[in-house]
Amino acid sequence: VNRRRAVLGAGAAAALFGAALARAAEAGYAAADLQHARRLIDRGLADGTAWSLVESLTTEVGARPAGSEADTRAAAWAQAAIRRLGLTNVRAEELPIRVWQRGSATARLLQPYAHSLVIASLGNSVGTAPDGLAAELAYFPDLAALRADTSDRARGRIAFIDQPTERTRDGRGYGRAVAARVEGAIEAARRGALGLGIRSISTARDRVAHTGAMRYDLSVPRIPAFAVSVPDAELIARLHARGAVPRLQLAMNNHSEVDATTRNVIGEVAGGELAQEIVLIGAHLDSWDLGQGALDNGAGVAIVSAAAALIASAGARPRRTIRVVLFGNEENGFDGARAYGDRYRDTAHQLVAESDFGSGRVWRLRSRVRRDALPLIDALAALLKPLGIARPADAANEGTPGPDAALLMRRHRWPAIELTQDGTHYFDVHHTENDTLDKVDRDALPANTAAWAAVLWLAAQAPHAFGPLEAPAA
Ligand SMILES: [Zn+2]
């Protein structure tokens, strides 16, 4: 992907900037702040810091599930990295957590034909008995079919949900499919199933299994839950279509509720006259144990750190404090986001935002702010237009700013901005062994850095507050 393709030529950009300037001045921004935002964008577009960071994190640490020894090393890496980039007040705020740990997982079709399947335990799943579990599969085309089932078909069997995931730019296909992973075991156990298998929540055809968090309901048995690769799910579907009832040998071995420690890593660009108000930009430092956590969420860690560093190195002091928060344990419990909210509940937040959708180009800006702050957001968005970022008229103020930031927005009524990245290919490798550095779109990182730097700067300089939100966000 060529960076120049999405960025306008100098003449067109200058004309757009002129229009954006007028609009922003009308909204109340100082001309000097807008000129500075434009400088940040120009510098961001030539900035290789985000790539250096994600290369370093994936090479030197790699997979870093919350509470693991690698998670501890990642936190040390992150503190050193953002300190080196000029952030101040760098610290790690520890929190105790209970974590799930993956053991081995194997599955073999015994009938009607012998095949070994590529599977992964879902996060939080219990294991099988030590000698495994042999049972027939009860096939359901999707979660809705299992939910609607009133027969006894799943009883004494392993329920299999062949839930497809639609490829979309904004991730809504994942949003529609993921409940099969999260809630499938509850629905299966309610119908007497001994286990749950799902087609990986995946938009790719690679023979890898996609993990991710699932949960139980205390009122029904906790049954082992696993994802199979898409090609293996299609094998199961073909057998079902032939009228066969496949029989599976499953063995899984996991550990739950292990005491551990994780932490939020924090660094700041200190503010001036409104230093006590926080402009929060987050990403999550933890990853699943498979792969290297390159797209999820090494890229986000790199982008937000680089954006804040750009502001720090540009010299001008922001009015409000810009705070980078690299959250602990987003993947399996949001412990870091919850702890942050508890700790800073009485601190005014001008913004909560997050980059957690891989390395794709930003194509949209949405917000969730007080109504009287909308002209400021519109002005900010106009400045980002030359980067190919649109502000849709439809649902413009119904943004969701990433998982940790959204939790904080909902709990604390803190205002938010979402920069939507192109996630067309994100769910090809999400939560798999294939989430490795080579999947990161190196050429798209500078524009991400540039856009966030401008957003953070203008949120910090805004003439009035973006929040708190008038009503709890849905
Ligand atoms: Zn993530």
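For the peptides 401-407, 231-237, 130-136, 255-261, the ranking by mean Cβ contacts within 10 Å, running from highest to lowest, is 401-407, 231-237, 130-136, 255-261. Close amide H partners of H349, meaning residues 5 or more places away or on another chain with modelled amide H under 5 Å apart, are I278. With semi-axes defined as the square roots of five times the eigenvalues of the C-alpha gyration tensor, the equivalent ellipsoid of region 312-365 measures 22, 20, 11 Å, largest first. The phi-based Karplus calculation (6.51 cos²θ - 1.76 cosθ + 1.60; θ = phi - 60°) puts the 3J(HN,Hα) values of region 13-25 at 5, 5, 5, 4, 5, x, 5, 5, 4, 4, 5, 5, 5 Hz, whole numbers, x for Gly and Pro. The alpha carbon radius of gyration of the chain, expressed as a multiple of 2.2 N^0.38 Å, is 1.02. The overall shape of region 159-250 is oblate: from the C-alpha gyration tensor, with semi-axes ordered a ≥ b ≥ c, the ratio a/c is 1.5 or greater and a/b is no larger than b/c.
Using the Cβ-Cβ distance between A275 and E60 with R0 = 45 Å, the FRET efficiency computed as 1/(1 + (r/R0)^6) comes to roughly 0.85. Against the chain, whose longest principal axis comes from its Cα atoms, helix 31-45 is set at around 50 degrees. The D438 and T150 beta-carbon pair, evaluated with R₀ = 60 Å, returns a calculated FRET efficiency of approximately 0.80. For region 356-445, the share of accessible area belonging to carbon and sulfur comes to 46 percent (1.4 Å probe, ligands and nucleic acids excluded). Accessible surface for H349 stands near 10 Å², nearest 10, in the context of the full protein assembly shown (1.4 Å probe).
Sequence-distant contacts, meaning Cα pairs under 8 Å at least 6 residues apart, place the relative contact order of the chain at 23 percent.
Taking all protein chains into account, the per residue accessible area for the chain stands at 38 Å² (1.4 Å probe).
Calculate how steeply helix 374-384 sits against the longest principal axis of the alpha-carbon atoms of the chain, using the helix alpha-carbon long axis, and give the answer as 0 to 90 degrees to the nearest 10. Around 90 degrees separate the two axes.
Across all Cα pairs in region 305-411, the calculated P(r) in 10 Å bins from zero up to the longest distance comes to 12, 38, 40, 9 percent per bin.
With θ taken as phi - 60° and the Karplus curve 6.51 cos²θ - 1.76 cosθ + 1.60 applied, the whole-hertz 3J(HN,Hα) list for region 253-263 is 9, 10, 10, 10, 6, 8, 5, 7, 10, 10, 6 Hz, x standing for glycine and proline. Computed from the C-beta positions of A393 and D346, the FRET efficiency with R₀ = 41 Å rounds to 0.70. Above 18 Å, the calculated P(r) of region 85-200 contains 61 percent of its Cα-Cα pairs.
Shape analysis of region 137-210 yields a ratio of the Cα radius of gyration to the Kirkwood radius, Rg/Rh, of 1.00. Packing around the peptides 300-306, 289-295, taken as the average count of other Cβ atoms within 10 Å per residue, puts them in this order, highest first: 300-306, 289-295. Over the C-alpha trace of region 332-474, radius of gyration and Dmax come out as 15.5, 46 angstrom. Taking 0.692 mPa s as the viscosity and 37 °C as the temperature, the Stokes-Einstein diffusion coefficient of region 26-118 based on its alpha-carbon Kirkwood radius rounds to 180 µm²/s. Sites listed here are GluC sites (Glu not before Pro) in region 311-415 whose DSSP assignment is loop and whose Cβ has at most 16 other Cβ atoms within 10 Å: E398. Among 59-67, 106-114, the peptide with the highest mean count of other Cβ atoms within 10 Å heads the list, and the full ranking is 59-67, 106-114. Given their separation in residues at 0.36 nm each and the Cα-Cα distance between them, E166 and T261 gain 30.6 nm when the chain is fully extended. Only helices enter the 222 nm calculation for the chain: every DSSP H run of n ≥ 4 contributes -39,500 (n - 2.57), and dividing by all residues gives -11000 deg cm²/dmol, rounded to 500. First compute the accessible area of region 132-199 with a 1.4 Å probe, then give the percent of it belonging to carbon and sulfur atoms. Carbon and sulfur together cover 47 percent of it.
The angle between the Cα long axis of helix 299-314 and the main principal axis of the chain comes to about 10°, on a 0 to 90 degree scale.
Could you tell me how far the Cα centroid of region 324-397 sits from the Cα centroid of region 275-320, in Å? When both Cα centres are located, 12 Å separates them.
Between the C-alpha center of region 60-88 and that of region 112-163 there is a gap of 38 Å.
Rolled with a 1.4 Å probe across the full set of protein chains, the surface gives K385 an accessible area near 120 Å².
The values are calculated or read from the model by the stated rules, or taken from the named source; none is laboratory data. It should be emphasised that the depicted structure is a prediction, and the values quoted were computed from it without experimental measurement. All Cβ positions, glycine included, derive from the backbone under ideal geometry; neighbour counts span all protein chains shown. Heads up: the accessible areas ignore ligands, DNA and RNA and are worked out on the full protein's heavy atoms, side chains in. Shrake-Rupley method; radii C 1.70, N 1.55, O 1.52, S 1.80 Å.
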